Amino acid sequence: MPNNYHDRTAQKRGLKTRMLNNLQSKDGGRVQDGVGLLTSILLRYSEVGSVHYWREQHALKFTFMIMRNQDVSALQELLKPALEFFHKLEGRIMRIFEIAGRCEENLCVITLTRDVDSMTQREVGLIVELLKREYKKQLLFDEMNLPEDEQIFQEEMISHLLSSIQSQDIDKNVVALRDEGRVLVFKS
């Protein structure tokens, strides 16, 4: 590919980083890294329906939607050993690992809660891949075709922002969710 392509890609990446860093909240302060983190997670992983930063537990709650009734204990048997092994390899210990499910008719909303301190971008990717393999066509997601360079950029942002909020708490609960191809973010 011509160098111009790589130059334009680097310029876009720099612009996106500057845009994210320059976002302002209504009170004039810089928007917390948590907002950027949740947005990047939803942009990178279209299978995640919503993600919530839970300030009191310094944890993230991910929601996934599956088009079938699902026994939460079976899902726990799939995810918990895989994540424990992953964390053993990474030299980390999970403080919080919870799975809850709410099913009505043939739709099940799965909520996975994980502590921020031991979480990495690679773990988020692992969770999504395990769910995609287990539920194949039953996992609901937005059709998003992010170019590979954009996927890599979002993964880098997730890593950077996760390490940023691991070292300092966010002072508010933050929720990001999908709505017809958009990402909406709310703070409380």
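Read the figures in this text as sums done on the coordinates, not as results from a lab. No experiment lies behind these values; they were computed from the predicted model shown. Here the Cβ positions follow ideal geometry from the backbone for every residue, glycine too, while neighbour counts run over all protein chains shown.
Note on Ser188 and Gln76: the extension gain reaches 37.4 nm, defined as 0.36 nm multiplied by sequence separation minus the Cα-Cα distance. The local environment of Phe86, defined by Cβ-Cβ distances under 13 Å, has a net charge of +1 under the rule Lys, Arg +1 and Asp, Glu -1.
For the pair Gln168 and Phe86, a Förster radius of 25 Å applied to the C-beta separation gives a FRET efficiency near 0.50, rounded to the nearest 0.05. Seen from Ser50, the other residues with C-beta closer than 9 Å to its C-beta sum to a net charge of +2, counting Lys and Arg as +1 and Asp and Glu as -1. Counting charges near Leu126 (Lys, Arg +1; Asp, Glu -1) among other residues having Cβ under 15 Å from its Cβ returns a value of +1.
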